[in-house]
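Have a look at the structure below, then the notes.
The values are calculated or read from the model by the stated rules, or taken from the named source; none is laboratory data. None of these values were measured; they are calculated from a predicted model. Cβ atoms come from the backbone with ideal geometry, glycine included; neighbour counts cover every protein chain shown.
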Amino acid sequence: MAVEDTDTPNEQCCTIPPFKSDYQPVGKTITLQVPGNEDLPVYVTGPADSKTALIGIYDIFGTHPNTQQGADHLAQQCNSTILLPDFFRGRGWDTNDIPPKEGREKMQAYIQSIGSWEIVGPDLLVAVSYLRERGVGSIGAYGFCFGGKKLVQAQSSSSPPYTNLFNALALIHPTNLSPTDGDLFTVPVALIPSGGEDPLVMDAVWESLQRKDFAGRCVRRDFLEGHHGFASSRSDWNDPKLAAMAREAYEVMAKFFAANL
């Protein structure tokens, strides 16, 4: 059963502006060809000869030094290749337009126009093919906010070529999850909510995961003191408290993927 696009930004996405980061990424950017669409820029970091890899899906603000720094950290901790595709092709939501001057509906329509499943799905297939062609055997994926819901959509696409794309998934302060989304997962999941998500929805998703035959391989870590976006572009990692929470979230992911890839 396919999950429809909603792409409604989290309330805190619309009120708390992203912080700037002065991190200098250590990876490189390549370009992949996507049939029927513009070329896809992809940030690549980590060992080129690794047999495991992760694909990251960012939040509505697109490519940001924080998410690149996180990818560099995961690459080192997991000894894996990390890809961060720029699904928006440089057109993420303007970080200076928070709260959105023309309202949340305008923001939602814009994100849908550049980040619908019809765009993200084929981009993911191209990224996975790139890794498979280089001998990668086990692939995980992680998504922040908007990206978390896209991973739900990937799991809901039950027909080829979307079946069996990933071996494990991590959802970090995910946006727009519904209580029944947990039923869709077919691989182990790390669920990492902040204090900005609906706890009843997070609990329902987790309860569904606990009924799976891979329940023992799933992980949940709540960061209730963290705002929605604390581990991605909407966080100031010069703040020791925020940096510590983000670092811990990435450590949770690193251990989870190390155990499941």
Would it be correct to say that Glu118 is surrounded by fewer than 21 Cβ atoms within 10 Å (Cβ to Cβ) and farther than 15 Å from Val34 by Cα? no
Quickly run through region 79-92 and pick out the residues that are crowded, with 24+ Cβ neighbours inside 10 Å and not aliphatic (A, V, I, L, M). Ser80, Thr81, Pro85, Phe87
Just to be sure, is Asp213 among the acidic types (Asp, Glu), within 18 Å of the chain's Cα centre (by Cα) and more than 30 Å from Pro25 (Cα to Cα)? no
Among the candidates Pro161, Pro199, Pro188, residue that is at pLDDT below 95 and of a type outside the set (Gly, Ala, Ser): Pro161
Name the residue that is farthest from Thr186 (Cα to Cα), counting only residues in region 202-232 that are among the acidic types (Asp, Glu) and at pLDDT 95 or above. Asp222
Checked Leu131, Leu169 against criteria (free of Cβ contacts under 8 Å to residues at least 40 places away in the same chain, touching a strand residue (DSSP E or B) at 6+ places or on another chain (Cβ under 6 Å) and under 27 Å from Arg89 (Cα atoms)); the one match is Leu169
In region 170-192, residues that are under 22 Å from Ser235 (Cα atoms) and not small (Gly, Ala, Ser) total 9
Counting just the residues of region 228-261 that are surrounded by fewer than 20 Cβ atoms within 10 Å (Cβ to Cβ) and not in a helix (DSSP H, G or I), which one comes out nearest to the chain's Cα centre (by Cα)? Asp236
Quick one: count up the residues across region 114-148 that are over 16 Å from the mean Cα position of the chain (by Cα) and part of a loop (DSSP other than H, G, I, E, B). 4
Taking region 191-214 as the region of interest, how many residues are part of a loop (DSSP other than H, G, I, E, B) and in contact (Cβ under 8 Å) with a residue 40 or more places away in the chain? 2
Thr81: passes all of (1) modelled with pLDDT under 90; (2) hydroxyl-bearing (Ser, Thr, Tyr); (3) closer than 28 Å to Phe256 by Cα but (1)
So, in region 149-170, of the ones that are part of a strand (DSSP E or B) and under 30 Å from Pro100 (Cβ atoms), which residue ends up nearest to the chain's Cα centre (by Cα)? Ala170
Matching residues in region 23-69 - criterion: being in a loop (DSSP other than H, G, I, E, B), in contact with an Asp or Glu (Cβ under 6 Å, 6 or more places away or on another chain) and without any contact (Cβ under 8 Å) to a residue 40 or more places away in the chain: Thr63
